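No value in this document is a laboratory result; all are computed from the given coordinates. These numbers were taken from a predicted model, which means no experiment stands behind them. Using ideal geometry, Cβ is built from the backbone for each residue, glycine included, and neighbour counts are taken over all protein chains shown.
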Amino acid sequence: MKTIKNIFNFYLDGFRNMTVGKNLWIIILIKLFIMFVILKLFFFQDFLGSKFNNNQDKSDYVMEQLTNPKK
Amino acid sequence: MENFDLSLVDWSRAQFALTALYHWLFVPLTLGITFILAIMESIYVRTGDPEWKKITKFWMTLFGINFAIGVATGIILEFEFGTNWSNYSWFVGDIFGAPLAIEGIMAFFMESTFIAIMFFGWNKVSKKTHLMATWLTAIGSNLSALWILVANGWMQNPIGMIFNPETTRMEMADFWGVFFNPNAVNKFLHTIYSSYIVAAVFVVGISAWFLLKKRDVIFAKKSILVAAIFGLVFSLLTIMTGDESAREVAKSQPMKFASMEGLYYGTTNAPLVAAGILENDPVKENPEKKDFAVELAVPGVLSYMAFLDTKAFVPGIHDLVHGNKEHGIISYFDKIERGKVARQALTDFKNARKDGDKAKVAALTAKFKDKDFLDNYFAYFGYSYFDNPHDIIPSVPISFYSFHIMVALGGHFMILFIVVLFFLYKDKLAQMRWLQWVMLWTMPLAYLATESGWVIAEVGRQPWVVQDLLPTMAAVSNIDSTSVMITFALFFVVFTALLIAEIKIMLKQIQFGPNTGGH
């Protein structure tokens, strides 16, 4: 328990005493928000996952694409 | 080329290239500067000289800025695999999944733990523990690159797998075969060593700025000493691994090799074009056509580079397209026919399964395990998507120039490190303003060189995503190209903003200099 508390305090003190790092964390959080909330959610859905429920259907679809491509 | 939407293929390629090139602006500095930091901190721990602690902390702050801005930019590439390249992702899933999963886990645990100790641990953990964390951050970030490059190496030279028609997937048959793929080993070493040069040039360049400003001269000279020695050592190792890489490419990707040297017609005692200007793209059948308007060629060197024999025959683009019986080279025309046989077998398998014809399914499943079929037909599966062999030639000008830019700049960096170390040794560096300017302006050239390396690696292997097995056009998802255009624009804006942020924060921090301290 004491070890966990020490690790927690180590990180807490580290974040508190940051100078340049604070601005960087703001950039990191904005970037992660854009990537995971905007891009991933609205633009980058898993193509096969969103169309098919199981691996057999995914496999059949890719087989069709490879043997008879109609793009 | 069948019914492919080439606009979709081109936009998907452009988007992937954009994100990969931007991602690679951040990565090489991280790979290299962490080792430079570890060396600087080792000197501090060994000597106890506080100047070295100050030096380490300054460069550590710049590393932190680069790391923070660049972190997770690679994840976007994984988004693209799932959305834009679903055929590819499914086809290679089993081979690609394992290295990427290991990379993700290693990167997360090593980086989150040891980077935290590196930045937050000054005066909180012992000097030796802190030093160990710095070394482990360097090793951890480089091991992350290892797994990505193992996956990439497999795409360039697919070995250690079997194709399962039942799942339409490549399945791992030999993990160590994939791991020790000669293409991957050379690629990993060449990539990390050249990244170390980028980091060394970065440290030398910024230190030169301090010399130009006549500020923190001792700090700048000490930084240059470490970085220039580091850069020189890895310049030599980069040449060695580049040489090995070229030999491997000549063997497993002869078209890429011919393209990067602009070799249209194969020959024995093949010359290495040290420098040249391509006149035109003579893939048409005209033996009289000139390849180069100007060229500086060294006879026999290309043969030696490829096969360690100055008399060896190096196939040119024409030989690969039309074949060369004397040298046992199968033509692309023949490979297209063999690929079509393999694809027909897969189509028959699909139809037999649909019809419930178990005997035929069993026979075709056995065929996909038959060595003769695998070696002589399935090995050329990807060629089946082409009718015209000239569509299987990468852009020769892009391949040629990117390769030669990379090599020429690599030579420039090595000479620069030698000159800088010489004048540092003579204690004249602080007075040589012209050299300081060269050092400073070499920084963008280091990025140009490393990006050019990726351009030759990736453009040079076109039209393949998996060499000989899956062409780029068959790998894309059947999605609307408009959405790819929109996300291309979004990425361009986001990544450019990140790059501007990085440069601005870094410039501000550099102006503060090494005496401010703090992260």
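Things worth noting here:
- Matching helices (runs of 4 or more DSSP H) fully within segment A:1-51 where at least 3 residues are without any contact (Cβ under 8 Å) to a residue 40 or more places away in the chain, more than 7 Å from chain B (Cβ to nearest Cβ) and of a type in the set (Lys, Arg): A:2-16
- Given (1) closer than 14 Å to B:Phe16 by Cβ; (2) more than 14 Å from the chain's Cα centre (by Cα); (3) buried (at least 22 other Cβ atoms within 10 Å of the Cβ), number of the condition B:Ile479 does not satisfy: (3)
- Selection count where residues are part of a helix (DSSP H, G or I) and closer than 30 Å to A:Gln45 by Cβ, scope segment B:52-80: 10
- The residue of segment B:73-96 that is surrounded by the most Cβ atoms within 10 Å (Cβ to Cβ), among those that are of a type in the set (Phe, Trp, Tyr) and within 11 Å of chain A (Cβ to nearest Cβ), is B:Trp90.
- Some residue of segment A:58-67 being out of contact with any Lys or Arg (no Cβ under 7 Å at 6 or more places or on another chain) and surrounded by fewer than 12 Cβ atoms within 10 Å (Cβ to Cβ): no
- For the condition crowded, with 21+ Cβ neighbours inside 10 Å and facing chain A (nearest Cβ under 10 Å), B:Val465 does not qualify.
- Those residues of segment B:479-517 which are within 8 Å of another protein chain (Cβ to nearest Cβ) and without any contact (Cβ under 8 Å) to a residue 24 or more places away in the chain, in sequence order: B:Ser483, B:Ile486, B:Leu490, B:Val494
- Residues of segment B:97-132 satisfying the condition of being buried (at least 16 other Cβ atoms within 10 Å of the Cβ), part of a helix (DSSP H, G or I) and within 14 Å of chain A (Cβ to nearest Cβ): B:Glu111, B:Phe114, B:Ile115, B:Ala116, B:Ile117, B:Met118, B:Phe119, B:Phe120, B:His130
- Scanning segment A:12-49 for residues that are closer than 28 Å to B:Val465 by Cβ, in contact with a helix residue (DSSP H, G or I) (Cβ under 9 Å, 6 or more places away or on another chain) and not basic (Lys, Arg) yields a count of 12.
- Within segment B:389-411, residues that are acidic (Asp, Glu) reach partners that are surrounded by fewer than 17 Cβ atoms within 10 Å (Cβ to Cβ) and not in a helix (DSSP H, G or I) with beta carbons closer than 7 Å, at six or more positions or on different chains, in the pairs B:Asp391/B:Met1.
- Odd one out for B:Lys508, checked against (1) exposed (fewer than 14 other Cβ atoms within 10 Å of the Cβ); (2) basic (Lys, Arg); (3) more than 26 Å from A:Lys31 (Cα to Cα): (3)
- Within segment B:299-332, the set of residues being of a type in the set (Phe, Trp, Tyr) and crowded, with 18+ Cβ neighbours inside 10 Å comprises B:Tyr304, B:Phe313, B:Tyr332.
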